[in-house]
1. Please report, for the Cα atoms of the range 213-312, the Rg to one decimal and the Dmax as a whole number; what are they, in angstrom?
2. Calculate for the chain the 222 nm mean residue ellipticity that helices alone would give, adding -39,500 (n - 2.57) per DSSP H run of length 4 or more and normalising by residue count, nearest 500 deg cm²/dmol.
3. For the chain, what is the relative contact order in percent, using Cα pairs closer than 8 Å and at least 6 residues apart in sequence?
4. What does the charge add up to near Gly120, with Lys and Arg as +1, Asp and Glu as -1, over the other residues with Cβ less than 14 Å from its Cβ?
5. Going 7 Å from the Cα of Leu41 toward and past its Cβ, which residues in the range 9-26 have a backbone nitrogen under 14 Å from where you end up?
6. Please name which of Asn263, Leu27, Asn106 has its Cα lying farthest along the dipole of the chain towards the positive end, using unit charges on Cβ (Lys, Arg +1; Asp, Glu -1) and the Cα centre as origin.
7. For the range 144-303, state the semi-axes of the equivalent ellipsoid (square roots of 5 times the eigenvalues of the alpha-carbon gyration tensor), sorted largest first and rounded to whole angstrom.
8. Give me the compactness ratio for the range 1-130, meaning the Cα radius of gyration over 2.2 N^0.38 Å.
Amino acid sequence: MYSFRKLILLLRTLTFRKVWNFIKLYLSFFYSRYRKSSVHLGNPMKVGIEPTTYCNLRCPECPSGLRAFTRPTGMLKPENFEKMVDQLKDDLIYLLMYFQGEPYLNRKFLDMAKYATDNGIYVATSTNGHYLTEEVALKTVESGITEVIVSIDGTTQDTYESYRVGGELEKVVNGVKNLVKARADKKSQTPYILIQFLVVKPNEHQIGDIKKMAKEWGADDVLLKTAQIYDYENGSDLIPTISKYSRYRQKPDGKWELKNPLNNQCWKLWHGAEITWDGKVLPCCFDKDAQYEMGNLLTDSFEKIWRSNQYDSFRNRLLKSRNEIDICQNCSEGLSVFSE
């Protein structure tokens, strides 16, 4: 998945403490699998923090796009973000400033990104690309953000908007070009520009086209991602016909099932977490509606939450019966991305 240049950018953020923390996480994860009981050493090396839940698009398999959240929508405040980063920065290697919503709708987003990069963290974000004007692209480069993932799920307007409902492909393409130009003008090595292509049935014939076009724009890489379908059991017009790009397979009775065998293990529960705009700490990016809140950083320390009996109980539950946890039942661990 990592190109050499991206790997170099990541390695530059490492310290002895971060490497040692990774070793502790890795060893405790495999020991826990062996014991079938949670033993947890270390702190998160990868965290997602949500700048906002608001979005300008209405994608059909996204709770933000569908306006279907039961949890509150809102904007992350810079002072709360800084409090989060200050607790995590010594061990944190990778920060994804995205969970749900469109990050650039938060007007303080790039200021927050700069705060994190100034603290020696590899900072990435994922955007639908509609706000990358020349001015915003320049500010993005100046923020020092390490990686920008731009979602482009079609190479023609009709195909693109069949999933990115309300989106304008031309505006997004111009946004990518603005970012490439701003990076060149500033003679900057960052951000690493990654085009993400969510493979669904309506666009699977355009995989070759997106690779060619991304290269022409000056982007660094293309990432083909499989789509999550919420009600997949009865099939969907979005499930690709190309099997390798589908999270699902059809059974002899005509119903559909997840390819992932859902073994009783999950690396994410040991090495990372998700944090919502209002401070909720969640075990996984599949918990989009914050059903499994482990605690709140606006009232408690991360250390207290991360080491809590509640978090440990959840890890133990997963090690014993992962297929009984509803947010795990559509999990794509090991199946979701293909770097091209």
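1. 18.4, 52
2. Details: 11 runs with 116 residues, N = 340.
Calculated at 222 nm, the ellipticity per residue is -10000 deg cm²/dmol.
3. Numbers: 639 pairs, mean separation 61.3, N = 340.
Value for the chain: 18 percent.
4. Details: positive: Arg12, Arg17, Lys18, Lys89, Lys114; negative: Asp86, Asp90, Asp91, Asp118.
Result for the local shell: +1.
5. Only 19-26 fall inside the zone, counting backbone N under 14 Å.
6. So the residue furthest toward the plus end is Leu27.
7. Working: eigenvalues 174, 147, 38 Å².
That gives 29, 27, 14 Å for the three semi-axes.
8. Numbers: Rg = 16.8 Å, N = 130, 2.2 N^0.38 = 14.0 Å.
Rounded to two decimals, the normalised Rg is 1.20.
The values are calculated or read from the model by the stated rules, or taken from the named source; none is laboratory data. Everything numeric here is computed off the predicted structure, so don't read it as measured data. Please note: Cβ atoms are built from the backbone with ideal geometry, for glycine as well, and neighbour counts cover all protein chains shown. Side chains are part of the model used for accessible areas, which takes the heavy atoms of the whole protein and leaves out ligands, DNA and RNA. Shrake-Rupley method; radii C 1.70, N 1.55, O 1.52, S 1.80 Å.
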